[in-house]
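> If you scroll down you'll find the structure; I have some questions about it.
The values are calculated or read from the model by the stated rules, or taken from the named source; none is laboratory data. Just so you know, these numbers come straight off a predicted model, no measurement behind them. Glycine gets a Cβ as well: all are built from the backbone with ideal geometry, and neighbour counts include every protein chain shown. Quick note on the areas: whole protein, heavy atoms, side chains included, nothing else; ligands and nucleic acids left out. Shrake-Rupley method; radii C 1.70, N 1.55, O 1.52, S 1.80 Å.
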Amino acid sequence: MIKELLVILIASSLVNNVVLSQFLGLCPFLGVSKKTETATGMGVAVIFVITLASAVAGAIYQFILQPFHIEYLQTIVFILVIAALVQFVEMFLKKFIPGLYQSLGVYLPLITTNCAVLGVALTNVQKNYGILTGIVNGFATAAGFTISIIILAGIREKLKYNDIPESFQGMPIVLVTAGLMAIAFCGFSGLL
């Protein structure tokens, strides 16, 4: 069991990185990666939301949707669970960490529509993960997102001081950087 969880942890965070190999969650990945502080805050929020959403969605699927044979409602139910969790995170940050709340701006509510969050919940169901395995998969996927966004933010902070041709300034160089990161992360496929 521990070996299986370790394989899921490595596979979901590095080998099958949600951003760099599955291309899910690109909006906050590109939008919030200007500073490492905001990228770290977004990463922590995503870790919290995805891990908790994996637990709640897994429990709802296993104890409500399956017994009543209403699995076809899974997407709607998962979206509602994710929206409620994001609202909770937003209220918490607004009250206790207002600086981070302000710096995340519009991207915090966008976690609700972040396809990576819904993708993890649906992947857990498709792979028949139990609740514990689903939580580990959710945490690992969110950790992979956080690793990616922090690395991109660090690179973007360094790119400010470089002489970049005018046609590559702004989002074009960010997309080239993200593409190079995706290629680099392909090297992790040899781990498993």
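> Just need a number here: residues in the range 144-167 that are open to solvent by 20 Å² or more (accessible area, probe 1.4 Å) and either out of contact with any helix residue (DSSP H, G or I) (no Cβ under 7 Å at 6 or more places or on another chain) or in contact (Cβ under 8 Å) with a residue 40 or more places away in the chain (or both).
13
> Would you say I149 is under 13 Å from the mean Cα position of the chain (by Cα), within 28 Å of L5 (Cβ to Cβ), modelled with pLDDT of 95 or more and β-branched (V, I, T)?
Spelling it out, I149 is indeed under 13 Å from the mean Cα position of the chain (by Cα), within 28 Å of L5 (Cβ to Cβ), modelled with pLDDT of 95 or more and β-branched (V, I, T).
> Looking at (1) touching a helix residue (DSSP H, G or I) at 6+ places or on another chain (Cβ under 8 Å); (2) part of a helix (DSSP H, G or I); (3) open to solvent by less than 70 Å² (accessible area, probe 1.4 Å), can you tell me which one K94 breaks?
(3)
> Still on this model: In this structure, is I8 under 17 Å from I131 (Cβ atoms), more than 12 Å from the chain's Cα centre (by Cα) and without any contact (Cβ under 8 Å) to a residue 24 or more places away in the chain?
No; evaluated as a whole, the condition is false for this residue.
> Look at the range 27-63 and say how many of its residues are closer than 12 Å to V117 by Cα, open to solvent by 10 Å² or more (accessible area, probe 1.4 Å) and either modelled with pLDDT under 90 or not in a helix (DSSP H, G or I) (or both).
The total comes to 1.
> Looking at A184, A121, can you tell me which residue is small (G, A, S), in contact with a helix residue (DSSP H, G or I) (Cβ under 8 Å, 6 or more places away or on another chain) and at pLDDT 90 or above?
Every option except A121 fails the conditions.
> Of the numbered conditions (1) closer than 14 Å to L52 by Cα; (2) open to solvent by 20 Å² or more (accessible area, probe 1.4 Å); (3) at pLDDT below 90; (4) not polar (S, T, N, Q), Y107 satisfies every one except a single condition; which is it?
(1)
> Between a residue in the range 104-132 that is over 26 Å from F63 (Cα atoms) and in a helix (DSSP H, G or I) and any residue that is basic (K, R) and at pLDDT 95 or above, which pairs come within a Cβ distance under 8 Å, given they are 6 or more apart or on different chains?
none
> Quickly run through the range 139-176 and pick out the residues that are in contact with a Gly (Cβ under 7 Å, 6 or more places away or on another chain) and either closer than 17 Å to T51 by Cβ or not in a helix (DSSP H, G or I) (or both).
F145, T146, I149
> Just one of G179, G130, G138 is open to solvent by less than 60 Å² (accessible area, probe 1.4 Å) and over 18 Å from the mean Cα position of the chain (by Cα); which is it?
G130
> So which pairs qualify, if the first residue must be in the range 22-33 and within 14 Å of G154 (Cα to Cα), the second must be open to solvent by less than 10 Å² (accessible area, probe 1.4 Å) and polar (S, T, N, Q), the Cβ gap must be under 7 Å, and the two must be at least 6 apart or on different chains?
Taking only residues 6 or more apart or on different chains, the pairs are F29/S148.
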